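Please read the structure below before turning to the comments.
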Amino acid sequence: MEFYEVIEKRRTAREFIDEEIKPESMKRILEAAYKVPTWNHKRNWHFIILRTAGRKG
């Protein structure tokens, strides 16, 4: 996929489904997130993964 094609297909999710994400998918998502460029190459990322509905929102 070309760079500009990726940019054009980018979207923001504002609606969510009540469905559990497979551990393999979550691992792949987090691996991709760690590769995102950051200012001054500082990777001070913190991810919070909520598995129960009680803490969301």
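Summary of values
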item	result
Residues being closer than 23 Å to VAL6 by Cα and part of a loop (DSSP other than H, G, I, E, B) - total across region 30-44	5
Top-ranked residue in region 13-47 [being under 11 Å from the mean Cα position of the chain (by Cα) and β-branched (Val, Ile, Thr); ranked as surrounded by the most Cβ atoms within 10 Å (Cβ to Cβ)]	ILE29
Residue count, region 18-47 (criterion: modelled with pLDDT of 85 or more and among the β-branched types (Val, Ile, Thr))	2
Residue in region 21-29 that is assigned to a loop (DSSP other than H, G, I, E, B) and at negative phi present	yes
Filtered residues of region 1-19 (kept if of a type in the set (D, E, K, R) and without any contact (Cβ under 8 Å) to a residue 24 or more places away in the chain)	GLU2, GLU5, GLU8, LYS9, ARG10, ARG11, ARG14, GLU15, GLU19
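The values are calculated or read from the model by the stated rules, or taken from the named source; none is laboratory data. Values in this document were obtained by computation on a predicted structure and should not be read as measured data. Glycine also receives a Cβ, built like all others from the backbone with ideal geometry; neighbour counts cover every protein chain displayed.
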